[in-house]
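Trainee: I have a structure I would like to understand better, so I am pasting it below and will then ask my questions one at a time.
The values are calculated or read from the model by the stated rules, or taken from the named source; none is laboratory data. From a predicted model like this one, the values you see are computed outputs, not experimental measurements. Every residue, glycine among them, receives a Cβ derived from its backbone with ideal geometry; neighbour counts consider all protein chains shown.
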Amino acid sequence: MSSSLHVPLESLTGATRRPIASPAPGRAFHIETFGCQMNVHDSEKVSGVLLERGYHPVDDPAAADVIFYNTCSIREKAAQKVFSRLGLHRGPAGHGKIIGVLGCVAQQEGEEIFERAPWVSLVCGSASYRRLPDLLAQIEAGNRRVMGLDTDTDETFETEITRRDNPFRAYLTIIEGCDKACSYCVVPFTRGPERSRASDSILREVGELASFGYSEIQLLGQTVNSYRDPSPRSMTFAGLLLAVADTPGIRRVRFTTSHPRDFGPDIVAAIDAHPSICNHVHLPVQSGSTAVLRRMLRTYTRDEYLEKIAMLRAARRPISLSTDFIVGFPGETGADFADTLSLLDAAQYDQIFSFKFSPRPNTSAEHMDDDISEAEKGIRLAALLDHQREIQLARNHSLLGEAFEVLVDNRGHKPGQWAGRTTSNRVVNFPSPRTDLLGQYVQVRVVQAGPNSLLGELS
Ligand code: 5AD
Ligand code: SF4
């Protein structure tokens, strides 16, 4: 997934709305973002840093003096993308431009980026973003190459100003980095150790976001539910969810991604207690086989994971579940994969994200024998998706006739259609001649259901 950030300056929000230096002519920036929601939000913060220094955003990279790629290295394909982008600026095309690589590829490849693409002048990993103003100042002073790659920090990345690109949902990072050690995953290396943000600072920002008109907040972290308040208040993650939900003006609170091991009954109780906490949980399982989970170092068994699902299913509110899978992990047998398929039946997800295993540098699985062929990984991926398609079709069918409140956040697929999201994170398309629906909460009744979509009508 990649997304370019382009939003009018007036949608700025920040801890303090300080006057921004008037944009110096010719100092235009463009950021392209790859990867997860954390990266999308990091780019919003990086944009804030640039705006503060007087740069202004442009949609067209050709018109930009500064081009940043905020990169993802979770799988090899994602990591390769940035080098093809960097290739666009080889030779005269890149002359006079400052090209920077941010994010996980920056952290992973470090100085090597300068060797592969000598026209790059800035390389900065996510744990060093707080040094960005300093790095930019060095470049402005004529330094040709600057680098920020430390991960030994206990600080999180806060900026005075954040440019928010989603007008309906404000993202807020509450915990950075990861202290788990899943054997396939680069995140602990690229994003460094876990650092939580103090609850009072989070709640202050939520209050500000509400005063700017945001009604939906999404709390972010690689393992968001491992949140540990570093302040004397020692708020738990569930306590924080409730406090965010209690903030006047906030109607929806989402959170992603949760780690099964740290998912306790207090989070389910919070969802039950407060209707503003969205009844959707993304709980990556990765595999349905205990043997594979053990080699992945996921720290839970299939049965322990299913106990978490049972706990969620026992909630008073119906909670929608989604997950991530990796297929073709080293040594995954046909029987292991059959366990993954049967987990789909047991868990009854509303959405899954599935990936072929891709060996990554600086992970412990890097040196395992990647013994499942690409063709077999493809077959397993397709079988997983086929099986889930049937489950989703049945689950979506069971919603026919039900009414949901949706926050309208997009145009629908067809002309005259709108798209809104339920609190359970389902997208419902519906026709309406109205033109003022964006950002509105409306009631829709489901009238048609496919495996991947719901059609509704305004009720
Ligand atoms: N290979 C394939 N998929 C991976 N993921 C993380 N690392 C890898 C890898 N090396 C997937 C996991 C994770 C999601 C964000 O990406 O499913 O939950
Ligand atoms: Fe990666 Fe595991 Fe940490 Fe998730 S919990 S970011 S998969 S190491």
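Trainee: Which numbered condition trips up residue 144, out of (1) at pLDDT below 95; (2) in a loop (DSSP other than H, G, I, E, B); (3) closer than 20 Å to residue 104 by Cα?
Mentor: Condition not satisfied by residue 144: (3).
Trainee: A further question follows. When both residues are 6+ apart or on different chains and their Cβ atoms are under 7 Å apart, which pairs have a first residue that lies in the range 330-359 and is closer than 30 Å to residue 314 by Cα, and a second that is within 16 Å of ligand 2 (Cβ to nearest atom) and in a helix (DSSP H, G or I)?
Mentor: Sorted first by the residue in the range 330-359, then by its partner, the pairs are 336/292.
Trainee: Here's something else I'd like to know. Could you look through the range 349-370, keep only residues that are within 12 Å of ligand 1 (Cβ to nearest atom) and surrounded by fewer than 17 Cβ atoms within 10 Å (Cβ to Cβ), and pick out the one that is farthest from the chain's Cα centre (by Cα)? Show your work before the answer.
Mentor: Kept after step one, since they are within 12 Å of ligand 1 (Cβ to nearest atom), are these residues of the range 349-370: 352-366, 368, 370.
From what is left, the residues that are surrounded by fewer than 17 Cβ atoms within 10 Å (Cβ to Cβ) are 353, 359, 361-362, 364, 366, 368.
On the way: 353: 13, 359: 21, 361: 22, 362: 22, 364: 24, 366: 24, 368: 28 Å.
For the range 349-370, the residue satisfying everything is 368.
Listed here are the residues, each with its yes/no results for (1) without any contact (Cβ under 8 Å) to a residue 24 or more places away in the chain; (2) over 27 Å from the mean Cα position of the chain (by Cα); (3) closer than 19 Å to residue 76 by Cβ.
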site: 92; (1), (2), (3): yes, yes, no
site: 100; (1), (2), (3): no, no, no
site: 107; (1), (2), (3): no, no, yes
site: 112; (1), (2), (3): yes, no, yes
site: 116; (1), (2), (3): no, yes, yes
site: 119; (1), (2), (3): no, yes, no
site: 131; (1), (2), (3): yes, no, no
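Trainee: Moving on. Give me the residue from the range 159-215 that is within 16 Å of ligand 1 (Cβ to nearest atom), in a loop (DSSP other than H, G, I, E, B) and within 15 Å of the chain's Cα centre (by Cα) and, out of that set, nearest to residue 43 (Cα to Cα).
Mentor: Step by step, filter the range 159-215, then rank; the result is 177.
Trainee: Out of curiosity, is residue 104 modelled with pLDDT of 90 or more and within 30 Å of residue 215 (Cβ to Cβ)? Break it down into steps so the answer makes sense when it comes.
Mentor: Numbers: modelled with pLDDT of 90 or more: yes; within 30 Å of residue 215 (Cβ to Cβ): no.
Considered against the rule, which asks whether it is modelled with pLDDT of 90 or more and within 30 Å of residue 215 (Cβ to Cβ), residue 104 comes out as no.
Trainee: Looking only at the range 175-209, how many residues end up being within 13 Å of ligand 2 (Cβ to nearest atom), acidic (Asp, Glu) and surrounded by fewer than 22 Cβ atoms within 10 Å (Cβ to Cβ)? I'd like the intermediate steps shown before the answer.
Mentor: In the first step, residues of the range 175-209 are kept if they are within 13 Å of ligand 2 (Cβ to nearest atom); the result is 175-194.
The next check asks that each one be acidic (Asp, Glu); those that pass are 176, 179, 194.
From what is left, the residues that are surrounded by fewer than 22 Cβ atoms within 10 Å (Cβ to Cβ) are 179, 194.
Residues meeting the conditions: 2.
Trainee: Could you count how many residues in the range 307-327 are under 24 Å from the mean Cα position of the chain (by Cα) and surrounded by 14 or more Cβ atoms within 10 Å (Cβ to Cβ)?
Mentor: Just the residues of the range 307-327 that are under 24 Å from the mean Cα position of the chain (by Cα), to begin with: 308-309, 312, 318-327.
Those left that are additionally surrounded by 14 or more Cβ atoms within 10 Å (Cβ to Cβ): 308-309, 312, 319-327.
So the count comes out to 12.
Trainee: Which one of these is within 15 Å of ligand 2 (Cβ to nearest atom) and acidic (Asp, Glu): 266, 272, 262, 303? Can you show your working first?
Mentor: Details: 266 fails: within 15 Å of ligand 2 (Cβ to nearest atom); 272 fails: within 15 Å of ligand 2 (Cβ to nearest atom); 303 fails: within 15 Å of ligand 2 (Cβ to nearest atom).
262 is the lone residue from the list that is within 15 Å of ligand 2 (Cβ to nearest atom) and acidic (Asp, Glu).
Trainee: Among the residues that make up the range 371-380, is at least one of them among the small types (Gly, Ala, Ser), closer than 30 Å to residue 276 by Cα and either within 14 Å of ligand 1 (Cβ to nearest atom) or in a helix (DSSP H, G or I) (or both)?
Mentor: Taking the range 371-380 as the starting set, the residues that turn out to be among the small types (Gly, Ala, Ser) are 373, 375, 378.
Cutting the leftovers down to closer than 30 Å to residue 276 by Cα gives us none.
Within the range 371-380, not a single residue is among the small types (Gly, Ala, Ser), closer than 30 Å to residue 276 by Cα and either within 14 Å of ligand 1 (Cβ to nearest atom) or in a helix (DSSP H, G or I) (or both).
Trainee: Is it true that some residue in the range 158-171 is within 17 Å of residue 226 (Cα to Cα) and either more than 13 Å from ligand 2 (Cβ to nearest atom) or crowded, with 20+ Cβ neighbours inside 10 Å (or both)? Let's see the steps before the verdict.
Mentor: Filtering the range 158-171 for residues within 17 Å of residue 226 (Cα to Cα) gives none.
So far as the range 158-171 goes, no, none of its residues is within 17 Å of residue 226 (Cα to Cα) and either more than 13 Å from ligand 2 (Cβ to nearest atom) or crowded, with 20+ Cβ neighbours inside 10 Å (or both).
Trainee: Would you point out which residue out of 304, 374 is modelled with pLDDT of 95 or more and more than 26 Å from the chain's Cα centre (by Cα)? Step through it out loud before you land on a result.
Mentor: On the way: 304 fails: more than 26 Å from the chain's Cα centre (by Cα).
Of the residues listed, the single one that is modelled with pLDDT of 95 or more and more than 26 Å from the chain's Cα centre (by Cα) is 374.
Trainee: Starting from the range 360-375, keep only residues that are under 18 Å from residue 79 (Cα atoms), then list their pairs with residues that are in a helix (DSSP H, G or I) and within 16 Å of ligand 2 (Cβ to nearest atom) whose Cβ atoms are within a distance under 6 Å, requiring at least 6 positions of separation or different chains.
Mentor: Filtered contacts from the range 360-375: 362/189.
Trainee: Let me ask something else. What helices (runs of 4 or more DSSP H) completely inside the range 245-313 contain at least 3 residues that are farther than 23 Å from residue 218 by Cα?
Mentor: Numbers: elements: 265-273, 290-296, 302-313.
Hits in the range 245-313: 290-296, 302-313.
Trainee: Here's a follow-up. Being buried (at least 21 other Cβ atoms within 10 Å of the Cβ), among the acidic types (Asp, Glu) and touching a residue at least 12 places away in the same chain (Cβ under 8 Å), is that true of even one residue in the range 62-80?
Mentor: No: the range 62-80 contains no residue that is buried (at least 21 other Cβ atoms within 10 Å of the Cβ), among the acidic types (Asp, Glu) and touching a residue at least 12 places away in the same chain (Cβ under 8 Å).
Trainee: Something else: Would you mind finding the one in 266, 262, 303, 272 that is within 16 Å of ligand 1 (Cβ to nearest atom) and of a type in the set (Asp, Glu)? So that I can check it myself, show each step before the final result.
Mentor: Working: 266 fails: within 16 Å of ligand 1 (Cβ to nearest atom); 303 fails: within 16 Å of ligand 1 (Cβ to nearest atom); 272 fails: within 16 Å of ligand 1 (Cβ to nearest atom).
None of the other options fit; the residue is 262.
Trainee: Return the only residue of 86, 51 being touching a Lys or Arg at 6+ places or on another chain (Cβ under 7 Å) and either in a helix (DSSP H, G or I) or free of Cβ contacts under 8 Å to residues at least 40 places away in the same chain (or both). Before you say what the answer is, go through the steps one by one.
Mentor: On the way: 86 fails: touching a Lys or Arg at 6+ places or on another chain (Cβ under 7 Å).
Selected residue: 51, the only one of 86, 51 that is touching a Lys or Arg at 6+ places or on another chain (Cβ under 7 Å) and either in a helix (DSSP H, G or I) or free of Cβ contacts under 8 Å to residues at least 40 places away in the same chain (or both).
Trainee: Moving on. So, in the range 218-232, exactly how many residues are touching a helix residue (DSSP H, G or I) at 6+ places or on another chain (Cβ under 6 Å) and either hydrophobic (A, V, I, L, M, F, W, C) or at positive phi (or both)?
Mentor: Looking only at that region, the number is 1.
Trainee: On to the next question. Out of the range 72-100, which residues are polar (S, T, N, Q), under 17 Å from residue 125 (Cα atoms) and away from ligand 2 (no atom under 16 Å from the Cβ)? Quick ask: steps written out before the conclusion?
Mentor: Quick first cut of the range 72-100, residues polar (S, T, N, Q) only: 73, 80, 84.
Within this subset, residues satisfying the condition of being under 17 Å from residue 125 (Cα atoms) are 73, 80.
80, the sole residue that qualifies.
Trainee: Another question, if that's okay. Would you mind finding the one in 270, 238, 291 that is surrounded by fewer than 22 Cβ atoms within 10 Å (Cβ to Cβ), closer than 18 Å to residue 204 by Cα and among the small types (Gly, Ala, Ser)? Even if it seems obvious, please write down each step before you answer.
Mentor: Details: 270 fails: closer than 18 Å to residue 204 by Cα; 291 fails: closer than 18 Å to residue 204 by Cα.
Going through 270, 238, 291 in turn, the sole match is 238.
Trainee: Would you tally the residues in the range 74-93 being among the small types (Gly, Ala, Ser) and either within 16 Å of ligand 1 (Cβ to nearest atom) or touching a helix residue (DSSP H, G or I) at 6+ places or on another chain (Cβ under 9 Å) (or both)? I'd like the intermediate steps shown before the answer.
Mentor: Filtering the range 74-93 for residues among the small types (Gly, Ala, Ser) gives 78-79, 84, 87, 91, 93.
Next, only the ones that are either within 16 Å of ligand 1 (Cβ to nearest atom) or touching a helix residue (DSSP H, G or I) at 6+ places or on another chain (Cβ under 9 Å) (or both) stay: 78-79, 93.
Here the count works out to 3.
Trainee: Moving on. Please go through the range 233-259 and give me each residue that is within 16 Å of ligand 1 (Cβ to nearest atom) and on the phi > 0 side of the Ramachandran plot, ordered by number.
Mentor: From the range 233-259, those within 16 Å of ligand 1 (Cβ to nearest atom) are 255-259; that's our starting set.
Result: no residue meets the conditions.
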